[in-house]
Amino acid sequence: MDARKNSSVFSAANAVKDHLYDWYHGTDSYVSMGVYSEGDYDIPKGLWTSLPVVCKNFSYTVVKDVTVT
């Protein structure tokens with residue numbers, strides 16, 4: 001980051017921008033987003049975790065049965 005003269009703040013801000021864009025405009029395929037777990041993929045319900053989702057108009061749906069490696 002020293003070579004680019006940027007801090008991690010810019011990287012985090014860019015990730016937020018990308019997520020909000022996908023969340024509003026939607027995605028053609030699934031993306032990984034930090035969402036509230038409902039018990040999918042054997043992740044305990046109630047945890048915030050990164051899951052594959054499709055989204056549109058400030059709504060998301062967790063994609064089921066994606067092979068996680």
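Each reported figure results from applying straightforward, stated rules to the coordinates on display, with no laboratory input. The structure presented is a predicted model; accordingly, all values stated were derived computationally and were not measured. For neighbour counting, all protein chains shown are included, and Cβ atoms are generated from backbone atoms with ideal geometry for every residue, glycine included.
As an exercise, use a Förster radius of 22 Å and the Cβ-Cβ distance of residue 64 and residue 20 to find the FRET efficiency, rounded to the nearest 0.05.
Here the calculated transfer efficiency is 0.35.
Let's see if you can work this out: charge +1 on each Lys and Arg Cβ, -1 on each Asp and Glu Cβ, no other charges. What is the dipole magnitude of the chain about its Cα centre, in debye to the nearest 20? It would help to have the intermediate numbers written out before the result.
Values: 6 positive and 8 negative charges, 55 e Å.
In total the dipole reaches around 260 debye.
List the relative contact order of the chain as a percent without decimals, with contacts defined as Cα pairs under 8 Å and 6+ residues apart. Walk me through the numbers on the way to the answer.
Details: 86 pairs, mean separation 18.8, N = 69.
Relative contact order for the chain comes out at 27 percent.
Hey, fewest Cβ within 10 Å first, where do 10, 58 land in order? Working shown, then result.
Numbers: 10 12, 58 9.
Least crowded to most crowded, the residues run 58, 10.
7 Å from Cα along Cα→Cβ at both residue 50 and residue 30: what's the point-to-point distance in nm?
Computed distance between label sites residue 50 and residue 30 equals 1.5 nm.
Taking the structure as given and computing log10 I(q)/I(0) by the Debye sum over Cα atoms at q = 0.13 Å⁻¹, which label from (1) -0.41; (2) -0.46; (3) -0.36 fits?
Comparing each candidate, only (2) matches the computed number.
Mind giving me the nanometre distance, one decimal, between the label points for residue 11 and residue 42, set 7 Å out from Cα along Cα→Cβ?
3.0
Starting with the highest mean, order 49-57, 14-22 by the number of other Cβ atoms within 10 Å, averaged over the residues of each peptide. Intermediate results must be reported in sequence, preceding the final value.
Values: 49-57: 16.1, 14-22: 12.1.
For the peptides 49-57, 14-22, the packing ranking is 49-57, 14-22.
At 222 nm, what helix-only mean residue ellipticity would the chain give, in deg cm²/dmol to the nearest 500, using -39500 (n - 2.57) for each DSSP H run of four or more?
Numbers: 1 runs with 18 residues, N = 69.
My calculation for the chain gives -9000 deg cm²/dmol from helical runs alone.
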